[in-house]
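Taking it in order: structure first as structure tokens, then the write-up.
Just so you know, all these numbers are worked out from the coordinates, no wet-lab data involved. Bear in mind the structure is a predicted one, so any value in this text is a computation, not a measurement. With ideal geometry, Cβ positions are generated from the backbone for all residues, glycine too; neighbour counts draw on all protein chains shown.
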Amino acid sequence: MRLQNNKNIDQTKKISFFFDGKKYYGYEGDTLASALLYNGVHLIGRSFKYHRPRGIISAGCEEPNGIVQLELNEFTEPNRRATEVILYQGLIAKSQNRWPSVKFDFGAINDLLAPFFPAGFYYKTFMWPPKFWKTYEHFIRHAAGLGNSPKKDDPHKYEHYHYHCDTLIVGSGISGLYAAKIAATQNLKVLLIEQENQIGGSILSSNNYDNKINGKSQSEWKAKILDELNKLNNVKIVTNTILFAYMHYNYLLAIQDLQPNKGTDKKNLIRQVVWKIRAKKVILATGSIERPLTFNNNDRPGIMLANSVSKYLNGYGINLGKKIVIFTNNDSAYQTAIDFHYRNINIVAVVDVRNNLEGELPLKVKNLGIKIYTSSIILDTSGRNKIKSVHIKKINQNNVKILNCDLLCMSGGWSPTVHLFTQSRGKLRFREEDSCFVPHQTFQDTLSIGSCNGVFDLKSILNETFNSVNNFLNTNEKESLNGEIFDSEVTNTGKQKNAWLVDKENISKSKMFVDFQNDVTAKDIKIALSEGFQSIEHVKRYTTNGMATDQGKTSNVNALGIISELSGKDISSLGTTTFRLPYTPVTFGALAGRFVKEFFDIERTTPIHSWHINNNALFEDVGQWKRPWYYPINNEKMDDAVNREVKATRDSLGILDASTLGKIDLKGRDVSEFLNRVYTNAWSKLAIGKCRYGVMLGDDGMVIDDGVTTRLGEHHYLMTTTTGNAASVMSKLEDWLQTEWPELEVYLTSVTEQFGTISLNGPNSRKIVESLFPDQNFNNENFPHMSFKELNTDGVPCRVMRISFTGEICYEINIPSSYTLSLWNKCISLGESYNITPYGTEAMHVLRAEKGYIIVGQETDGSVTPIDLDMNWIVSKKKYDFIGKRALTRSDTAKEDRKQLVGILTVDPSIVLEEGAHLVEVETSIPMPMVGHITSSYYSPNLGRSIALGLVKNGIKKKGTKLIVPTNNKSIEVEITSPVFIDPENERLLA
Amino acid sequence: MIKSPKKYSVFSLVKNAFSYHENWQPAWKNPEIKKEYEAIIVGGGGHGLTTAFYLAKNHGVKNIAVVEKGWIGGGNTGRNTTIIRSNYLWDQSAAIYDHALKLWEGMSQELNYNVMFSQRGVMNVAHNLHDVRELKRRWHANRLNGVDCEWLDTKEVKKFCPVINTSPNIRYPVMGATLQRRAGTARHDAVAWGYARGADSMGVDIIQNCEVTGININNGNVTGIETTRGTINSKKIGVVSAGHSSVIAKMAGIKLPLESRPLQALVSEPVKPVIDTVVMSNTIHAYVSQSDKGELVIGAGTDGYNSYSQRGGFNIVEDTIMAIVELFPLFSRMKMLRHWGGIVDICPDASPIISKTHINGLYFNCGWGTGGFKATPGSGWVFAHTIANDQPHALNAPFSINRFSSGELVDEHGAAAVAH
Amino acid sequence: MLLINCPYCGEREQEEFSCGGEAHIERPKNPPDLNDDQWADYLFLRQNIKGLQYERWNHSFGCRQWFNVARNTATDEILAVYKMGEKPPVVESNDPITPCGEPAIGSGNFSTSKKS
């Protein structure tokens, strides 16, 4: 049974769970830690390096020791802190980092070998023989690591939630609740976030008799405020939610556990939500974390933080010991003695490093008749798997006294939880009198209150909260608000005494743990300092202090104190290491949210997509677009399908979905001037109804895009871009217009998705358009190559261009997206008698390569000019300037022997070269000087042989010569040719 | 070179164990600043320390100072994802990075300091036809340049790295990968410490907490530096200050083609071994390996704006985690433990500058962008040569500052996005 | 995660914007008259300031307008926004104490070791 008057536990609801295969019982309201402790299970796991037996030391997210592997199979999670896991029916947990069991662990041999594993020992050994590092490393890696990664996919889902508020309050202890009450009365939109599953913070560890507020116990006070807040619409309170990042402009991130007590019963449920919060003002009431004391063997199970022991006592109704010793350097631990007194449990002794005890808490304890050893320290402890005794002595005396005990409560003072404050870029100040870092200068609209601001006694907390919150929120009617009144007798606290190292002389021979999880001792810090690692960052990295899964919440300040004592430097001159986000570890799945699997990246599809799927298309990813790659018929192999598509297009009629090409509508008085500036060729004389191909450069002279632009009207043009560059070209054009040439009247509109584009190719393509548009004459005179007409089919206006990317007669029809599919279907049925063949991107590549047409991004790679592409003809010599012109004459760019586009034919026509293969003049031993590479390579069914394009050094002059393509296992002889393999006279194109 | 009692070995460790480790010598001293040095290296990161080390070791320069504004190794050396590889596309890049890789292979022994260089291979994954084409281009180039590289098809990728999701039904399926087996990771801090210790043992003064505030120039010749701890004279100054290169350059009136951007990275909580290689995917921006400690080490992309604040936008982190969960769905329930940012100085062609300047005696080594760690020993080796001889080594001649005028860039952005 | 006050739309999340680098670099009107070094200066060389920087931003997932921002690159504080064509406003920024150093307030987590 639990002690009565506890705050968390519902004793009517019994819960069973498993730890290391054994069944235990707890109650609703327990954490895994409290339930284990209630069952007398103190030994929870083994430490990282020495495999020392370890037990729970705290009751919160600072816990370094009590970490477990939670659940099995797809639900498993490594390294969960037992102090944070809410107990639920059927929970399964296992201890970590031990073999075969937590009670008997072979790895514990490391504890005996510890003298040989000081800080930095890895850097000094394992170097010989050089080849053996991999073997050493294998064993090191298997010894390291804590829990196990899941092996299966995560069955749960995660969400992101955006929230805007006036005032965000982090932490629901006394100051946080009080701040929420003040903010709420101001009609502000308030969000109060609490990391635990219950509101209350330190209230949860308090007893019901001391430190009353307005005459009520803290629990009653909390209930009343909560009741008021819950009635308001402008206040939102969330629990089980940890704020883990405080970024620019009051952008904060929190993670909420939606199902802390649901366990594994449901798949597909939303497990966690990442809150993305923009707050006008942020109030941090994040509390403080008690520090351990550093003495020999201070890591045994049963040695715990004093206030956490109070929390287990008052919050969970668990008495953790029969023979209790308290070791402290400050007054707060005396409250634990008093808490036990209220439960009629006696304390063996309080060991206090201080000589003069002026505070009222020690006085009260003394009056209770509890033995207090002043000016005393604990030298050592005993007990392998649970503490059995402590060895105490007076400072400056030699007599050692042994006290038997089964629980040691320690308190090394308190560290304000300033993590979020420093993440917000606030600066800290070290306060010497109680050895803690407190907020100093804020950088954003941030207020710290309560113990995270270094205010520890209740009276001051209430006063400070009332005053500073009112000021921070600029409340008008401050006078009319009544402050909360603290009405306990105990107010005076004694001075804390620094006790970073209680037994400085014996550091080197002792195991005084500073970072419990990473097994960093005071000795390791001493070694680091003596080896020249003076900066706090160097000490951290050399010893790994503060780098465990608790991120040094209990160890960082102690390490600073120890460095200070050993080096004689003030802590304030040492500075701190950076408090990095996240405050506590955050699930990857939650950070990814819904953006996984089918939502990882959007899929863009054309209006004809459903037809492609119904017709067996395989797809190629081009940027975010899904483009048909080829359309196999009856289990056709890819090569056969592509050859069929290519051949049908040249022989009769092919149809391509070209909707993904970027389309930019340009209007305005100055479009032709604009085109003159962004393209290399001249545009002034392009007549209405005509189309022109253009190449676009960056101002470094390199090709960035190409495409056909059509003059639709006097001041109206339609530009096409490549699929992949549509967005970047649009942005670049807008950039030039808005920032360099605001005097030009040009309006740009992206119409890529407004029109579908159907491309009819082949000698019979004219037949189809003649049927579609019977009123139009499509002969060369009326509708020549590179011209455009606005036509109607079934009453739908279409933009028809005669342009070609295959070298065949081709008509590209742009039609509003909603009509694209029906036009496509009509083309398919009209083309039946001509064996109309839909072709995909692969056939498109072959067809254009047969004609030597380039693809930007394949024949170019950001280092290729139009001159390199042998496209001198498109680079205007007359224009004074265009984007990229100046760069073409730079000393290297103007060289004549640059890599240039050529055709490449294998001497053996059956060999299809690998794209990406390189060319050499002669084969030599490695390294072999390369002169170019293959950019495109295909089998051409029309030529009955392989063809390839490539960039070859001085290639244009090398036409007719032979080069070699050395592959993995053979050398392939090739000849450099013109890149145009079919119809160099354009007879087919212009037919 | 490193002599007892400083030499590290199993024996020194055992010996020291019996004296409770109270007799270890400092790995490097805390020297008084001299008035004048033969050469000053500005920046005590990996590249700066290796430069000093090789100046002393290969070129016999006796009197060298490394001046560091904070603590050595505190910049990008201690903030990267420790990936080491040399499988670069262009000949010039492959040459310098492979030279660095060879130095990595002997580093622990050369320094008598275990930098834990772990050749567990680097896989660059292809997710579409464009990736396949570009990675194969790199593979063939590497092969002919003598840089070890293999092509793996999807099945081989799965075999080499069983935890990667090779289902054909994911948004961007794995279509193959290149594998460089000699590539891998190292313990980043140890690289700085090992070179510092090595340099110190050859008499190099390592001066920490000393910020450069000015560069003294007389008649086109550099004469020394102003620092927060006074003037230090030298006729040769090598600047290796990564993210802050432009700030130092400004002191000499030089403008560089650099932008300093945030680059973020993170680690997971430590777990038992689960991934035994380095996986890189440029297309979906996922870079992951597992450290000896068991943490998954994950690199994110750069933010799109200049910043010296050592932090970036959280959206970049989210994008990276999405890609990791996409490629490794089993990591979904693992947790981000620690996140950090660095400042990377990026050149327009994503290649470094290791160059003389128009001021005699002033040299810059910068612009390593997101990829400097892997080059650490090679960078220092060629920069030492450049400073000692007042002319570049053949390996760094292509990385001159003049290439931005001539147009002879070494464009490692790879190809632009596919466009057809 | 910055919060940027678009001069056309108001305060919006950084994710809606893209940065175009240093502002007030005008494309030369006379490219043929420039030598290679001068062209490189326009094309590639940047001040890359630590401290107050004037830079271009585009509201790319919004009104798609370009505008200028004065931002402290050492702290990421946005000090002013102004439209294209307007003169850069004079603003007070919390610049680094020394050229490479940290600002008096706002960057990193230095505690009391830095005087302020």
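Points to keep in mind about this one:
- Unpaired by the 4.7 Å Cβ criterion, cysteines found in chain C: C:Cys19, C:Cys63, C:Cys100
- DSSP bridge pairs, the protein assembly as shown: antiparallel proportion in percent, nearest 5: 75 percent
- Over the stretch B:298-420 - Rg/Rh using Cα atoms and the Kirkwood inverse-distance radius: 1.07
- Cα pair distances exceeding 15 angstrom across the stretch A:367-437, given as percent: 69 percent
- Compactness check for the stretch A:10-124: Cα Rg over 2.2 N^0.38 Å is 1.17.
- Between the helical axis of B:91-105 and the longest alpha-carbon principal axis of chain B there is an angle of about 80 degrees.
- Highest average packing first - A:451-461, B:64-74, B:10-20, Cβ atoms within 10 Å: B:64-74, A:451-461, B:10-20
- Spherically averaged projected area in nm², based on the convex hull that wraps the Cα atoms of chain B: 21.2 nm²
- Across the stretch A:502-585, Cα pairs under 8 Å and at least six residues apart give a relative contact order of 26 percent.
- Net charge of Cβ neighbours under 10 Å - reference A:Gln335; Lys, Arg +1; Asp, Glu -1: -2
- Axis of helix B:129-145 versus longest Cα principal axis of chain B: the two differ by about 50°, to the nearest ten degrees.
- Along the axis of the charge dipole computed for chain A (Cβ charges of +1 for Lys and Arg, -1 for Asp and Glu, origin at the Cα centre), the listed residues A:Tyr251, A:Asn614, A:Leu226 are led at the positive end by A:Leu226.
- Three-way shape label, the stretch A:293-411, alpha-carbon gyration tensor, a/c 1.5: oblate
- Placing unit charges on the Cβ atoms only, positive for Lys and Arg and negative for Asp and Glu, gives chain A a dipole magnitude near 3420 debye about its Cα centre.
- What the Cα atoms of the protein assembly as shown give is an Rg and a Dmax of 35.1, 116 Å.
- The stretch A:765-846 shape via C-alpha gyration tensor axes, a/c threshold 1.5: rounded
- Axis of helix A:133-143 versus longest Cα principal axis of chain A: the two differ by about 50°, to the nearest ten degrees.
- Within the stretch A:10-124: Cβ-based charge dipole about Cα centre, in debye rounded to nearest 20 (Lys, Arg +1; Asp, Glu -1): 460 debye
- Note on the stretch A:895-991: with charges restricted to the Cβ of Lys and Arg (+1) and Asp and Glu (-1), its dipole about the Cα centre is near 260 debye.
- If you take all other residues with their beta carbon under 12 Å from the beta carbon of A:Asn779, and give Lys and Arg +1 and Asp and Glu -1, the sum is 0.
- Each distinct pair of alpha carbons in the stretch A:418-521 adds a 1/r term; the inverse of their mean, the Kirkwood radius, is 17.0 Å.
- Simple rule: put +1 on each Lys or Arg Cβ and -1 on each Asp or Glu Cβ in the stretch A:293-411, find the dipole, and look at A:Thr328, A:Cys409, A:Asn356; the Cα lying farthest toward the positive end is A:Cys409.
- Rounded, prolate or oblate (a/c below 1.5 giving rounded, otherwise prolate when a/b exceeds b/c) for the stretch B:1-125 by Cα gyration tensor: oblate
- According to the Kirkwood relation over distinct C-alpha pairs, the hydrodynamic radius of chain C is 16.0 Å.
- Beta bridges from DSSP with both residues in the stretch A:10-124: antiparallel share about 85 percent, rounded to the nearest 5.
- Greater than 30 Å apart at Cα, pairs in A:Lys266/A:Lys386; A:Lys134/B:Lys159; A:Lys216/A:Lys388: A:Lys266/A:Lys386; A:Lys216/A:Lys388
- Cβ-based charge dipole, the protein assembly as shown, positive-most Cα from B:Ala56, A:Leu560, C:Gly101: A:Leu560
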